[in-house]
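Undergrad: Here it is, the structure in full.
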Amino acid sequence: AGLFAAWYQYRPTTIQGMVLKYSILLAFGGGAYTMLFRTIIPFMTHHGEIVLPFALANGISASFCYAALERNYGLDFMAGKVNAAPKQSNVLTRFLSSLGFANVPIGGPAVGVLAAGTCFAFWPSMIKLCWPEELQNSVLGADGNLSWLGDVYLAILLPVGLPIGFCAGMGIHYLLVETLTGAGKEPWPQRAGLLLFAILIISVVYFQYCSTSVNDMYWEFRLDPKKGKEYSHNVKTGENREGVRAANDSCLFRGTIYALSHMDMGGFYTYLFNRVDPNDGVEEEALPYSWEDTSENKLEAKMVRHHMAFGLLIDRLLRLKFLQLEANRRNIHPVDSMPGVEKVTSSANNRHGVKLSRLLSDAEAAIVIERKHRRGLMDINAKRKEMADLRDKMIKYGISTSPEPISGKPLLSELHSSRLQEEKAIDAVLRNTSILEERMRNELNYQVADQILHENRQLRQKEARYELLRKLGEGMLVVSTAAAVLGGVAFYTK
């Protein structure tokens, strides 16, 4: 607003000046338009609760600064009348007069700069007051440490904070100067009072209707196993919505919070000037492999992306099982020719780096192993041995090519950040067989038969024999090659 106000106030009288003015508009207007309508306005219209504590802190700081400046220098001087300054500011008056300034915008830029340099002192108390506990924990961590926020702001105060404060103050100055100095028919207290009341009403409406509930951090992207349609699921409230709009917005919300909680200007400057990645050597967040003991009502927002990746993997396994059951019911062979099978298997290959059909078969075998152990038909040592063999075979034969990036939906980038791929995806399924079994029973009305384990054992024995034959073949090839080399050497040395 300040830059636009300065541009608007510049009224050239020559052709060169007009060309310069509109060249500046073209140069900066395009970038400002893109930033406003693609980043700033969408964020502001959805996340007023994030802005609220900073807006209050800025308002408090600006109010104190304005009151102090007006008390010491007077309203007319703040409005830009240099000669109206009190006697104690003769030095400032002479300095401005020497530069040829008789009527300059003083109050707005001065308040803007001073507020920009002091507002961060009010941020901690305003954040504690305005943000719910869950949002504070997501952004600040469980300890609620706010020291990094001031450090970050001080690091960008000179290059970013003060110029923005100056420009914002310039814009506000031109908007309010006539109202405050009484220009016009109505006396200034009446006009200023109406304006203040209107601003308060607009602010209340904005923060009431343009804010996002904390529960909106918990939407995730899911797949309907029977219909094959994508939908949004809220792990905190249990609500489902058609389409992925809610999940996508939630992903962007969590991404904003993640960015706020990982700002490190020291690391930024280190990378910028020394080309050293500040994340080198930083321990990655531990992945929760087991979701059986995790209550969805107690799930932290930062873990939703991992929960979403796991839920999608289970959804795809159920989707493939549903298609297999449908293919058997319709007598369609091979099962891979069933419409929809290729889509769900390829998405699992790309996202998780696993062969979905193999993972499903082995997961069903793991379900039978766990069930036999619960019924006392298999002791713990036998169970551990067979599960270890099953896991080894799953990793050896169940991992596909490396996962490939998926484009088209912004939320899928968050799925990649969960790192639930290859061995980790296999472990996640093996540690949550009870969840898979329960969903098969409740959603597909399907009970895994004990025969599945027998068939899986035969497959693993076949693979073991194949592996043994392959190693014997490789050994024989090495021996025959060595014998041929030795025979050739002996022949030529005679």
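Undergrad: Somewhere in the stretch 423-433, is a residue open to solvent by 40 Å² or more (accessible area, probe 1.4 Å), modelled with pLDDT under 90 and part of a loop (DSSP other than H, G, I, E, B)?
TA: Filtering the stretch 423-433 down to residues open to solvent by 40 Å² or more (accessible area, probe 1.4 Å) leaves 423-424, 431.
From what is left, the residues that are modelled with pLDDT under 90 are 423-424, 431.
Filter once more, so that each one left must be part of a loop (DSSP other than H, G, I, E, B): 431.
Yes, the conditions are met somewhere in the stretch 423-433.
Table: residues versus (1) in contact with a helix residue (DSSP H, G or I) (Cβ under 8 Å, 6 or more places away or on another chain); (2) crowded, with 18+ Cβ neighbours inside 10 Å; (3) modelled with pLDDT of 90 or more; (4) in a helix (DSSP H, G or I).
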position	(1), (2), (3), (4)
Arg351	yes, yes, no, yes
Leu360	yes, yes, yes, yes
Ile367	yes, yes, yes, yes
Leu377	no, no, no, no
Ile395	yes, no, no, yes
Thr401	yes, no, no, no
Pro405	yes, no, no, no
Lys409	yes, no, no, no
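Undergrad: In this structure, does Leu114 turn out to be buried (at least 19 other Cβ atoms within 10 Å of the Cβ), at pLDDT 80 or above and at negative phi?
TA: So Leu114 passes the test.
Undergrad: Report, ordered by the first and then the second residue, all pairs with beta carbons closer than 6 Å, sequence separation of six or more or different chains, a first member in the stretch 452-466 that is assigned to a helix (DSSP H, G or I), and a second member that is open to solvent by less than 30 Å² (accessible area, probe 1.4 Å).
TA: Ile452/Glu364; Ile452/Ala365; Ile452/Val368; Leu453/Ala365; Leu453/Val368; Asn456/Ala365
Undergrad: Which numbered condition in (1) out of contact with any Gly (no Cβ under 7 Å at 6 or more places or on another chain); (2) at pLDDT 70 or above is the only one that Phe95 fails?
TA: So the condition that Phe95 fails would be (2).
Undergrad: Identify all residues within the stretch 224-243 that are free of Cβ contacts under 8 Å to residues at least 60 places away in the same chain, open to solvent by less than 50 Å² (accessible area, probe 1.4 Å) and either more than 24 Å from Lys321 (Cα to Cα) or assigned to a loop (DSSP other than H, G, I, E, B) (or both); write none if there are none.
TA: Of everything in the stretch 224-243, those that are free of Cβ contacts under 8 Å to residues at least 60 places away in the same chain, open to solvent by less than 50 Å² (accessible area, probe 1.4 Å) and either more than 24 Å from Lys321 (Cα to Cα) or assigned to a loop (DSSP other than H, G, I, E, B) (or both) turn out to be Asn234, Gly238, Gly243.
Undergrad: Something else: Among the residues of the stretch 204-221, write down those that are hydrophobic (A, V, I, L, M, F, W, C) and outside any loop (DSSP other than H, G, I, E, B).
TA: Result: Val204, Val205, Phe207, Val214, Met217, Trp219, Phe221.
Undergrad: Being open to solvent by less than 40 Å² (accessible area, probe 1.4 Å) and among the charged types (D, E, K, R), is that true of even one residue in the stretch 334-345?
TA: no
The values are calculated or read from the model by the stated rules, or taken from the named source; none is laboratory data. The model shown is predicted, which means the values in this text are computed figures rather than measured ones. Glycine also receives a Cβ, built like all others from the backbone with ideal geometry; neighbour counts cover every protein chain displayed. When the accessible area is computed, the model is the full protein with side chains, heavy atoms only, and any ligands, DNA or RNA have been set aside. Shrake-Rupley method; radii C 1.70, N 1.55, O 1.52, S 1.80 Å.
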